[in-house]
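Participant: Just passing along the structure, written as structure tokens.
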Amino acid sequence: MSPIRSATIVALASAVLATTLTGCSFGAGQEDASPIVIAADLELSGAAAPVGKAYQRALELKIEQLNTSGALGGRKIRLEVKDNRSDASESLRNITDFSGDSKVSAIIMGGCNECAVGAVLTINEKKIPTIALAPSSAISTPVADRRYVFKLAPNAADSAAALTTELRRKGIRKVAVLHSDDDYGREGLTALRGEFDKAKIRLVRNEAVRTTDTDVSQPVRLLTSGETQALLLWTPPEQASLAATSAQEAGFSGSLFLDAAAAGDLFLGNAARSTERATLIFTQTMVIDDVIATTPAKAARRQWFQDYTARFGGYNGFSSFAADAVQLIADAALRAGGPADQVNRDGIRDVLETSQMDGLSGPIRMTPDNHSGLMPQALTTLVARGGRWRLAG
């Protein structure tokens with residue numbers, strides 16, 4: 001495979017060149033060849049396995065691209081993966097093991113909200129930089145208690161605001177909400193209530209489902225009865241598909257809206273008929289083949305989309321977050337410096353806290369006051385047409 005052509009790779013190559021020219025801390029003419037070890041705690045089995053496996057594929061592809069690009073100088077990234085079985089207790093054991101390995105530079109956690117929130121105390125005690133791909137704001141706030149924890153996923157407040165804008169634009173005033181019974185689901189419901197109040201949209205009814213539920217037909221029937229104009233799904237992808245099918249079977253003729261957490265594969269498969277004309281708030285990379293690459297960042301996103309699709313035969317929307325997490329850690333490891341035979345975790349944390357880049361997911365900005373890096377501008381409106389997601393408009 002030809003190396004990825006992206007602005008971020010060029011930036012990394014420039015950083016490596018600058019470091020080499022200054023001699024760094026290991027002496028003129030001596031290149032650091034120590035590996036950058038990234039550990040990953042992922043949901044490779046259990047209820048969240050489809051998303052966890054998408055993350056793993058993205059991590060492996062991005063690392064392969066960086067290792068063959070020459071942007072890391074003499075260094076290579078090595079990935080160590082453990083399956084948390086979609087279980088917070090197992091995830092915590094993985095985090096403890098990873099943090100006890102002095103060779104590990106940083107950890108990437110998957111999409112399990114409870115796993116990431118439950119590991120916060122251990123991560124901070126062990127002082128190991130960690131980027132979680134789960135969306136709950138409790139992962140990264142309050143920052144004072146989460147100095148080593150960062151988040152790279154859509155934020156509930158941003159998603160709620162974007163969804164409300166679309167509802168208002170379409171003249172919809174009565175909405176029912178199906179949300180996951182977890183931190184992110186409850187956070188989303190609160191955010192939606194606030195946005196609905198401002199927009200004078202009525203929340204007709206809301207129902208919660210456990211993330212492990214495989215039958216959501218009963219709550220969907222309750223939500224789609226009566227005066228509901230739109231059903232808003234704030235659940236993981238598999239449940240969103242089930243809910244869309246249940247709504248169709250219940251004869252619901254209103255509009256369907258999905259939060260970013262409900263995104264998944266580009267092609268909708270068995271859910272194509274039930275999701276036709278549905279609205280999804282997500283990042284532009286999901287449909288970058290609909291976008292003219294007018295900037296280096298858009299060209300990089302298009303190349304990532306093509307590389308991922310060519311390798312795996314389809315595209316998963318969450319893949320870009322995992323790839324961006326690798327990019328952030330690699331860049332931080334290069335910039336942190338320190339002895340070649342010792343991982344500088346504090347240095348990596350400090351660099352992550354001020355990281356800025358136009359990533360594959362969109363604009364990313366970390367600050368000492370905000371460890372949730374994805375900017376609101378990264379989100380856009382998608383629509384389901386012809387069995388796949390398309391850019392709205």
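The values are calculated or read from the model by the stated rules, or taken from the named source; none is laboratory data. Computed from a predicted model, the values in this text were never measured in an experiment. Note that each Cβ is placed from the backbone with ideal geometry, even for glycine, and that neighbours are counted across all protein chains shown. When the accessible area is computed, the model is the full protein with side chains, heavy atoms only, and any ligands, DNA or RNA have been set aside. Shrake-Rupley method; radii C 1.70, N 1.55, O 1.52, S 1.80 Å.
Participant: Along the positive direction of the dipole of the chain (beta-carbon charges: Lys, Arg +1; Asp, Glu -1; about the Cα centre), which of 117, 178, 199 reaches farthest?
Facilitator: 199
Participant: Please identify the trypsin sites (Lys or Arg not before Pro) of segment 277-369 that satisfy two criteria: DSSP loop assignment and at most 10 other Cβ atoms within 10 Å. Which are they?
Facilitator: Details: sites: 277, 298, 301, 302, 311, 335, 345, 349, 365; in loops: 277.
Taking segment 277-369 and a limit of 10 other Cβ atoms within 10 Å, the loop trypsin sites (Lys or Arg not before Pro) found are 277.
Participant: How far is the Cα center of segment 176-190 from the Cα center of segment 134-171, in Å?
Facilitator: Segment 176-190 and segment 134-171 have Cα centres spaced 12 Å from each other.
Participant: Roughly what angle does helix 113-126 make with the longest principal axis of the chain, taking Cα atoms, 0 to 90 degrees, to the nearest 10?
Facilitator: Approximately 30 degrees, to the nearest 10.
Participant: Relative to the Cα centre, what is the charge dipole magnitude of the chain, using +1 at the beta carbon of each Lys and Arg, -1 at the beta carbon of each Asp and Glu, and rounding to the nearest 20 debye? Write out the running numbers ahead of the final one.
Facilitator: Working: 42 positive and 43 negative charges, 226 e Å.
The calculation lands at about 1080 debye.
Participant: Here's another thing I want to ask about it. Using 7 Å Cα-to-Cβ label points, what is the residue 392/residue 78 separation (nm, one decimal)?
Facilitator: Distance between label points: 4.7 nm.
Participant: Roughly how big is segment 41-161's charge dipole about its Cα centre, with Cβ charges of +1 (Lys, Arg) and -1 (Asp, Glu), in debye to the nearest 20?
Facilitator: Numbers: 15 positive and 14 negative charges, 89 e Å.
With Lys and Arg at +1 and Asp and Glu at -1, about 420 debye.
Participant: Now, a different point. For a Förster distance of 35 Å, can you work out the FRET efficiency between the beta-carbons of residue 340 and residue 309, rounded to the nearest 0.05? Intermediate values should be presented prior to the final figure.
Facilitator: Working: r = 38 Å, r/R0 = 1.08.
Efficiency for this residue pair is about 0.40.
Participant: If you average the C-alpha positions of segment 79-129 and of segment 217-266 separately, how far apart do those two centres end up, in angstrom?
Facilitator: Result: 33 Å between the Cα centres.
Participant: Kindly express, to the nearest 10 degrees and within the range 0 to 90, the angle between helix 7-22's C-alpha long axis and the longest C-alpha principal axis of the chain.
Facilitator: 20
Participant: Using the Cβ atoms and a cut-off under 12 Å, what net charge is assigned to the surroundings of residue 312, where Lys and Arg are +1 and Asp and Glu are -1?
Facilitator: Working: positive: 53, 57, 311; negative: 60, 265, 307.
Computed value for this residue: 0.
Participant: Roughly how tilted is helix 88-99, in degrees to the nearest 10 and between 0 and 90, from the longest Cα axis of the chain?
Facilitator: In the chain, helix 88-99 runs at an angle near 10 degrees to the longest axis.
Participant: Find the accessible area per residue for segment 88-228; the probe is 1.4 Å, ligands and nucleic acids are left out, and the unit is Å².
Facilitator: Normalised by residue count, the accessible surface of segment 88-228 is 41 Å².
Participant: About the Cα centre of segment 138-247, what is the dipole size in debye to 20, counting +1 per Lys and Arg Cβ and -1 per Asp and Glu Cβ, all else neutral?
Facilitator: Working: 16 positive and 14 negative charges, 115 e Å.
Rounded to the nearest 20 debye, it is 560 debye.
Participant: What percent does the relative contact order of segment 121-210 come to when contacts are Cα pairs within less than 8 Å and at least six residues apart? Please report the intermediate quantities before stating the final value.
Facilitator: Details: 123 pairs, mean separation 23.7, N = 90.
Averaging sequence separation for qualifying contacts and normalising by length gives 26 percent for segment 121-210.
Participant: Tally the DSSP beta bridges in the chain and give the antiparallel ones as a percent, rounded to 5.
Facilitator: Values: 16 of 53 bridges.
If we restrict to bridges inside the chain, about 30 percent are antiparallel.
Participant: Further, regarding this structure: Just name one of 391, 342, 378: the one whose Cα is farthest towards the positive end of the charge dipole of the chain (beta-carbon charges, Lys/Arg +1, Asp/Glu -1).
Facilitator: Highest projection toward the positive end goes to 391.
Participant: While we're here: Please compare each pair in 151/174; 127/151; 76/103 to a cut-off of 24 Å on the Cα-Cα distance and tell me which ones are over it.
Facilitator: In this structure, 151/174 exceed 24 Å between Cα atoms.
Participant: What does the charge count around residue 224 come to, taking other residues whose C-beta lies under 11 Å from its C-beta (Lys +1, Arg +1, Asp -1, Glu -1)? Please list the in-between numbers first.
Facilitator: Details: positive: 205, 221; negative: 207, 227, 249.
In short, -1.
Participant: Still on this structure, please answer the following. What part of the accessible area of the chain, given as a whole %, is carbon or sulfur when the probe is 1.4 angstrom?
Facilitator: Numbers: 7800 of 15840 Å².
For the chain, the apolar C and S fraction of the accessible surface comes to 49 percent.
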